[in-house]
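K.L.:
Take this structure, written in structure tokens, and hold onto it; I'll ask about it next.
The values are calculated or read from the model by the stated rules, or taken from the named source; none is laboratory data. Owing to the predicted nature of the structure, the values given are computational and were not obtained by experimental measurement. Methodologically, a virtual Cβ is constructed for each residue, glycine included, from the backbone with ideal geometry; neighbour enumeration extends over all protein chains shown.
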Amino acid sequence: MEFASESIIGHPRDAVFCAYRDSLSEIVPFMEDITAIDVLNRVESSGRVELHNLWKVDQDVPAFAKAFVKKEMLCWDDYAVWVDSGHRCEWRIKTRAFRDAVECFGSNTFYEMDDGRTRVVLNGRLDIDLKKVRAVPSFLSKSLGPKLERFIVNLVTPNLSNVNASIERYLNSQAV
């Protein structure tokens, strides 16, 4: 299932790009539902930063998934490669729940606008193969898979917009 998000942030592209890449842990207080973003690994080379962040979320599990998903499983490993030229980030997410059954990847591109604002465009793809989840009976995997994909996309998509709004609030607070 493909998903996308686009937002305008009222700050210059370099500030937005750097805040996204370097300050996510500091932005958590400005975010809804995100309880922590822990930087587990960071490797820098010329014009490129590779990050491994662990995102933790406070979200209720829908009734249809409670037998398979526990609230404490709602976190994910975010592997990202940030490239200064092109102001682009390629990312891959590995969920802690059903790690082998979920594939999620995409990119963020940061566009400078004429008025000093930034347009952030995110494109991603999420696929779930419930046949790889032992707890789900095979006869249910076909009908539950799309529901679970929609739940996760509906969980992720508002957070994408919230992250952009949180970045803007964070940058506003830094300007004061």
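K.L.:
Looking only at region 29-39, decide whether some residue is closer than 18 Å to LEU171 by Cα, hydroxyl-bearing (Ser, Thr, Tyr), in contact with a helix residue (DSSP H, G or I) (Cβ under 9 Å, 6 or more places away or on another chain) and surrounded by fewer than 18 Cβ atoms within 10 Å (Cβ to Cβ).
P.N.:
For region 29-39, residues closer than 18 Å to LEU171 by Cα, hydroxyl-bearing (Ser, Thr, Tyr), in contact with a helix residue (DSSP H, G or I) (Cβ under 9 Å, 6 or more places away or on another chain) and surrounded by fewer than 18 Cβ atoms within 10 Å (Cβ to Cβ): absent.
K.L.:
Any idea which residue in region 40-63 is modelled with the lowest pLDDT, counting only those that are under 19 Å from SER107 (Cα atoms) and in contact with a Leu (Cβ under 9 Å, 6 or more places away or on another chain)?
P.N.:
The selected residue is TRP55.
K.L.:
A further question on this structure: Could you tell me which of the residues THR95, THR35 is under 20 Å from MET1 (Cβ atoms), modelled with pLDDT under 90 and of a type in the set (Ser, Thr, Tyr)? Full working, then the answer.
P.N.:
Details: THR35 fails: under 20 Å from MET1 (Cβ atoms).
Residue meeting the stated conditions: THR95.
K.L.:
How many residues does region 121-176 hold that are outside any helix (DSSP H, G or I) and modelled with pLDDT of 65 or more? Talk me through it step by step, then tell me what you get.
P.N.:
Keep residues of region 121-176 that are outside any helix (DSSP H, G or I), which gives 121-129, 133-137, 176.
Pick out the ones that are also modelled with pLDDT of 65 or more and you get 121-129, 133-134, 176.
So the count comes out to 12.
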